[in-house]
């Protein structure tokens with residue numbers, strides 16, 4: 001069912017056309033856009049021959065960077081306002097995912113979410129409410145409380161830099177603590193010398209996580 005009152009998302013795509021059996025949606029960080037993480041799809045595409053990669057741009061102009069996009073506002077210092085924006089982007093993304101699953105004639109759960117920073121926050125939020133094949137979350141956090149209704153059990157790979165000062169490592173530990181009891185499987189990886197970024201090892205870990213599930 002396609003919901004009303006959702007904002008249309010667009011962004012780059014690596015389309016495997018009729019070969020597509022699975023989808024990977026990349027969710028970028030605050031102030032970036034889909035062109036950022038689609039580069040990981042370029043690295044992964046030869047190893048995942050039946051996967052179409054899609055990297056939607058956040059629905060809003062970034063409050064701190066007019067050339068970038070955001071999934072929700074983080075500058076207001078109003079947590080309730082940020083959570084409202086996060087939920088609206090979840091509805092936008094759910095609509096976007098449904099459209100593409102229908103386009104490729106795929107079952108409702110044949111997709112992965114791969115996020116960075118704010119994109120990981122959206123990926124985790126979505127995964128608690130929707131069944132999918134797995135979440136790869138780089139440098140992210142769990143926003144808000146766990147849903148009061150039925151929580152969907154999914155697989156997670158959470159990766160984080162020990163030296164991250166943008167989203168501190170404590171945010172990852174909090175996400176692990178809350179997700180572990182409700183996850184189907186949760187894997188975590190901490191990189192001692194890494195700041196707020198994705199390294200080559202993390203890209204390989206993400207690839208292997210997806211390969212094991214398709």
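Here are a few things to note about the model shown:
- Distance between modelled label sites at residue 13 and residue 39, nm, 7 Å Cα→Cβ extension: 2.3
- Spin-label pair residue 211/residue 163, simplified geometry with 7 Å Cα→Cβ offset, distance in nm: 2.9
- Geometric extent, Cα atoms of segment 134-214 - Rg, Dmax (angstrom): 12.8, 39
- Chain lengthening between residue 46 and residue 79 when straightened (0.36 nm per residue, less Cα-Cα): 7.8 nm
- Rg and Dmax of segment 1-82, based on Cα coordinates, read 14.9, 46 Å.
- Translational diffusion of the chain, estimated by Stokes-Einstein from the Kirkwood radius over alpha carbon pairs at 10 °C in a medium of 1.306 mPa s, is 93 µm² per second.
- Highest-first arrangement of 165-174, 117-126, where packing means the average Cβ count within 10 Å: 117-126, 165-174
- Per-residue ellipticity at 222 nm computed for the chain from its helices equals -10500 deg cm²/dmol, with DSSP H segments shorter than 4 residues left out and the rest contributing -39,500 (n - 2.57).
Read-outs: derived from the displayed coordinates by stated rules, not from any lab. All values derive from a computational prediction rather than experimental measurement. Virtual Cβ from ideal backbone geometry, glycine too; neighbours counted across all protein chains shown.
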